[in-house]
Amino acid sequence: MRVRDGDGGGEVTAPPQHLVFAYYITGHGFGHATRALEVVRHLVAAGHDVHVVTAAPEFVFTTEISSPCLHIRKVLLDCGAVQADALTVDRLASLEKYHQTAVVPRESILKAEVEWLNSIKADLVVSDVVPVACRAAADAGIRSVCVTNFSWDFIYAEYVVAAGNHHRSIVWQIAEDYSHCEFLLRLPGYCPMPAFRDVIDVPLVVRRLHKSRSELSGARRLRDAIVLGYQLQRAPGRDVGIPDWYSLSEKETGVRQAPTSHDMNGSAESLFEDFEILHGDMQGLTDTMSFLKSLSGLAGNDPRSPEKQTRERTAASVLFDWEEGIYVARAPGRLDVMGGIADYSGSLVLQMPIREACHVAVQRSDPSKQKQWKHTQARQLANGGAVPVLQIVSFGSELSNRAPTFDMDLSDFMDGDKPISYDKAKEYFSLDPSQKWAAYVAGTIFVLMAELGVRFTDSMSILVSSSVPEGKGVSSSASVEVASMSAIAAAYDLNIAPRDLALLCQKVENHVVGAPCGVMDQMASACGEANKLLAMVCQPAEVKELVNIPTHIRFWGLDSGIRHSVGGTDYGSVRVGTYMGRKMIKCAASDLLSESLPSCVPTLSGDTNPEEYEEHGVDLLKSEASMEYLCNLPPHRYEAVYAKDIPEVITGDAFLEKYGDHNDAVTQVDPKRSYCVKAPTRHPIYENFRVEAFKSLLTAAKTDGQLSALGELMYQCHYSYNACGLGSDGTDRLVNLVQEIQHRKTSRAGGPSLFGAKITGGGSGGSVCVIGKNCLRSSEEIFEIQRRYKAATGYLPIVFEGSSPGAGKFGYLKIRRRSA
């Protein structure tokens, strides 16, 4: 970084930020230690302090690195595998040793590690690949990453099966620990690692050479052996990533041959001419055409073919009975133009459905006739007969490192003749982190059962295919929920209005998935229309109007590459702080109301003169004392009456002692945490005002002044997010690039073409929304921002542009394979 020196002379280079790393290395052999050594060496060379936590001998590190920045801490936190000899693993002994090493003393381990991490003031925890390190980092409020090509939950899962299912809970505990990791730096030669939320592939990391190439006579043979082993692993029928229960069951007969390349060269209709559309219209949507094309490919796919298949296609090819009706729904993601996190406070929001969408295909069938995977059949035989079964395949699982399939007996959702509770449903999907994604799909079935009393006596097969990228802040989860429920509703002839469907899908996210989101995402996906902004007042979900986007204005989304999640702690803690602020305001209004009456109750601050409030009126105070939505409080009332009494920060126990509950059904106050209150309380009050102004300005005269005012409102929203603690370096960089391009001196006529930008959705990463002129120059500047962002960060942002209809406008398709 370049900065000016103290006397105003030239520029000097500021020293890089000094960081403290806690590097945990598994206790299994020296291989992990020797590869971690190279990472540690580079961190130390860069001037950082590295504390290595390992059971490996110190000489592994000290003979290679001599620096006061290297610190060794000898601790055994896991044990790897117990081997009888170099080639034999004692699986049961390995599980029992891990139980004694890491499970029995778990509480004391976590306490000790949290205290130690805080004592060294660690900035980042790196794990290769000690499970408990990730959980300890989360408990200490420190981010963590893992560096590995395998994980112990995958290794031990095979041990559990081989050892007669002893210590099965170990696998789930390890997976839960890994799920606290920020992301995985995945090395080559990896195995499936579904517990990690986000994955970045990196090159091979090995110890540096100590001999010349001429001395390494066996190097070529070693390389050839590695290549041969990889080829054998990937040979047809030997892919370790395809479990045998994906295999074709004995029920499957008459699978057709895949179409030849000649067959695929016709018109768009010929790409899926095997199907006839019995209901609905594709509306010219190319992504829907592509989805039907992929279904056509599955219908002609033979999973027993020696050609390599992806795991999803292998499972999906035997999912449907192609001679029966299949229902297809489509739901887009959304770009949050204005409103964002103020939705759960009742704000007006403006949302644009994007071009990227999720398609879901659903087929219902008699339980005795459903095509089933082998393990599903075995479970049914063990249970004494055919019962309604749900089978789901999700395309794109390898991109997000999750399991590609999910199945369950629908009776698992029932407790006698009633549905189980939401808490039990949430717990059901939390048992296996690799299959938690299924809550977004299967959760729609449970909500229909719990809220509408629907009983599903048929089996159900579901295929999910989404082009809405995950973790980008464009509502990938809402699009999956809305598309899933829309397709299920069509298959079961349930007439649910788009607004009601969106509210039901919000319940899926809040109560089954456990993410405390508002309703705007689901509403935009269900009720939006192409090239229009959905103007909605979230009280709870009232569509005000569909606002045409003026032809001279254009919106883009730019992805920062930083994964966003509404289930993250930042989003949840800001929501808690907002509801705390609302409770404080309501209590203050009640106190003021009491003081205007004969009985006197102390005010919030304890020293307020009741006479100051006589002018405010009893009716106004009554409405504020019973206020349901914070956005109904005008900014001037907040500043005049309540702002001075809202604390910047409050601890959970202090709030609970004084105010009781914060009255939010989807979050809880942690007594041990401190919550920012003032900024989260102020944000929705002012955001609602900004959105109202933004909507009015869209219909103003077509001038640069109009665009400048719209852009300024977006900038204000962005910095208000930052004040709440929901910003990120990546989104700030993108917004700063927009500002730089907007304000730079240029010889080109016509003034700026980009006018504003803001972080979107739940914040803490994800995407930014950019507003500009609908012209070639603005598109060129968006691409310039892409290039400059990549040059600075190494990541090329995804650009979201274009719009498409919501699920309600699309309706549904009913398709069936044409008879011969």
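Every residue in the stretch 110-139 that is surrounded by fewer than 19 Cβ atoms within 10 Å (Cβ to Cβ) and more than 27 Å from V202 (Cα to Cα), please.
Hits for the stretch 110-139 are L110, K111, A112, V114, E115, W116, N118, S119, I120, K121, D139.
Of all residues in the stretch 752-798, how many are in a strand (DSSP E or B) and open to solvent by 30 Å² or more (accessible area, probe 1.4 Å)? Explain how you work it out, then say what you get.
First pass over the stretch 752-798, keeping only residues in a strand (DSSP E or B): 754-759, 767-773.
Restricting the remaining residues to those that are open to solvent by 30 Å² or more (accessible area, probe 1.4 Å) gives 773.
Number satisfying all stated conditions: 1.
Give the residues of the stretch 80-109 that are under 18 Å from E176 (Cα atoms) and assigned to a loop (DSSP other than H, G, I, E, B), sorted by residue number.
G80, V104, P105
If you take the residues of the stretch 671-698 that are free of Cβ contacts under 8 Å to residues at least 60 places away in the same chain, more than 25 Å from the chain's Cα centre (by Cα) and not in a helix (DSSP H, G or I), which of them is surrounded by the fewest Cβ atoms within 10 Å (Cβ to Cβ)?
Restricting to residues being free of Cβ contacts under 8 Å to residues at least 60 places away in the same chain, more than 25 Å from the chain's Cα centre (by Cα) and not in a helix (DSSP H, G or I), the top hit is K672.
For residues in the stretch 419-465 being open to solvent by 50 Å² or more (accessible area, probe 1.4 Å) and touching a Gly at 6+ places or on another chain (Cβ under 8 Å), which is farthest from A403 (Cα to Cα)?
Among residues in the stretch 419-465 that are open to solvent by 50 Å² or more (accessible area, probe 1.4 Å) and touching a Gly at 6+ places or on another chain (Cβ under 8 Å), the one farthest from A403 (Cα to Cα) is K426.
Got a number for residues in the stretch 181-195 being at pLDDT below 85 and more than 19 Å from H32 (Cα to Cα)? Steps first, please.
Here is the first cut: in the stretch 181-195, the ones at pLDDT below 85 are 189-195.
Remaining after also requiring more than 19 Å from H32 (Cα to Cα): 194-195.
Summing the residues that are at pLDDT below 85 and more than 19 Å from H32 (Cα to Cα) in the stretch 181-195 gives 2.
Can you tell me how many residues within the stretch 521-566 are in a strand (DSSP E or B), under 21 Å from the mean Cα position of the chain (by Cα) and at pLDDT below 95?
Summing the residues that are in a strand (DSSP E or B), under 21 Å from the mean Cα position of the chain (by Cα) and at pLDDT below 95 in the stretch 521-566 gives 1.
Can D661 be described as at pLDDT below 95, among the charged types (D, E, K, R) and closer than 30 Å to C775 by Cα? Spell out how you get there, then give the answer.
Numbers: at pLDDT below 95: yes; among the charged types (D, E, K, R): yes; closer than 30 Å to C775 by Cα: no.
Here the answer is no, as D661 does not meet what is asked.
For the stretch 75-97, check the following and say yes or no: at least one residue is surrounded by 17 or more Cβ atoms within 10 Å (Cβ to Cβ) and of a type in the set (S, T, Y).
yes
Can you list the helices (runs of 4 or more DSSP H) lying wholly within the stretch 398-500 that have 1 or more residues being modelled with pLDDT of 95 or more and among the β-branched types (V, I, T)?
Values: elements: 422-430, 439-452, 476-491.
Result: 439-452, 476-491.
Scan A541, A535 and give me the residue that is touching a Lys or Arg at 6+ places or on another chain (Cβ under 9 Å), closer than 30 Å to S430 by Cα and open to solvent by less than 10 Å² (accessible area, probe 1.4 Å). Give the steps one after another, and end with the answer.
Numbers: A535 fails: closer than 30 Å to S430 by Cα.
On inspection, the qualifying residue turns out to be A541.
Suppose we filter the stretch 714-733 for residues that are part of a helix (DSSP H, G or I), surrounded by fewer than 20 Cβ atoms within 10 Å (Cβ to Cβ) and not aromatic (F, W, Y); how many remain? So that I can check it myself, show each step before the final result.
Of the stretch 714-733, the ones part of a helix (DSSP H, G or I) are 714-724, 729-733.
Of the ones still in play, those that are also surrounded by fewer than 20 Cβ atoms within 10 Å (Cβ to Cβ) are 715-716, 719, 722-723, 729, 732-733.
Imposing the further condition that a residue be not aromatic (F, W, Y) reduces the set to 716, 722-723, 729, 732-733.
So the answer is 6.
Restricting to the stretch 376-397, what's the tally of residues that are part of a helix (DSSP H, G or I), more than 30 Å from G471 (Cβ to Cβ) and open to solvent by less than 50 Å² (accessible area, probe 1.4 Å)? Let's see the steps before the verdict.
Taking the stretch 376-397 and keeping what is part of a helix (DSSP H, G or I), we get 376-383, 397.
Those still in the list that are more than 30 Å from G471 (Cβ to Cβ) too: 376-383.
This time we only want the ones that are open to solvent by less than 50 Å² (accessible area, probe 1.4 Å), so: 376-377, 380.
The number of residues fulfilling the criteria is 3.
Take the residues in the stretch 511-520 that are open to solvent by less than 20 Å² (accessible area, probe 1.4 Å) and in a helix (DSSP H, G or I), then tell me which one is farthest from V454 (Cα to Cα).
Filtering the stretch 511-520 down to residues open to solvent by less than 20 Å² (accessible area, probe 1.4 Å) leaves 512-513, 515-520.
Remaining after also requiring in a helix (DSSP H, G or I): 512-513, 520.
On the way: V512: 17, V513: 20, M520: 25 Å.
That would be M520.
Between a first residue in the stretch 524-547 that is outside the structural domain of C631 (by the TED database) and at positive phi and a second residue that is surrounded by fewer than 24 Cβ atoms within 10 Å (Cβ to Cβ) and assigned to a loop (DSSP other than H, G, I, E, B), which pairs have beta carbons less than 9 Å apart while being 6 or more apart in sequence or on different chains?
N531/I549; N531/G802
Does any residue of the stretch 52-70 turn out to be open to solvent by 40 Å² or more (accessible area, probe 1.4 Å), within 32 Å of the chain's Cα centre (by Cα) and not aromatic (F, W, Y)? Can you show your working first?
Of all residues in the stretch 52-70, those open to solvent by 40 Å² or more (accessible area, probe 1.4 Å) come to 55, 58-59, 62-64, 66, 68.
Next cut, within 32 Å of the chain's Cα centre (by Cα) only: none.
Looking for residues that are open to solvent by 40 Å² or more (accessible area, probe 1.4 Å), within 32 Å of the chain's Cα centre (by Cα) and not aromatic (F, W, Y), one finds none in the stretch 52-70, hence no.
Consider W172 carefully, then state whether it is aromatic (F, W, Y), open to solvent by 50 Å² or more (accessible area, probe 1.4 Å) and not in a loop (DSSP other than H, G, I, E, B).
yes
Identify all residues within the stretch 30-49 that are farther than 11 Å from L70 by Cβ and touching a residue at least 60 places away in the same chain (Cβ under 8 Å); write none if there are none. Spell out how you get there, then give the answer.
Of the stretch 30-49, the ones farther than 11 Å from L70 by Cβ are 30-36, 38-39, 42, 46-47.
Result: H32, T34, R35, A36, E38, V39.
Residue pairs, Cβ under 6 Å, 6 or more apart or interchain, first in the stretch 50-72 and among the acidic types (D, E), second modelled with pLDDT of 90 or more. List them.
E58/I72; E64/L37
The values are calculated or read from the model by the stated rules, or taken from the named source; none is laboratory data. Bear in mind the structure is a predicted one, so any value in this text is a computation, not a measurement. FYI the Cβ positions are ideal-geometry reconstructions off the backbone, even for glycines, and counts take in every protein chain you see. For the accessible areas, the whole protein counts, side chains as well, though only heavy atoms, and no ligand, DNA or RNA atoms are used. Shrake-Rupley method; radii C 1.70, N 1.55, O 1.52, S 1.80 Å.
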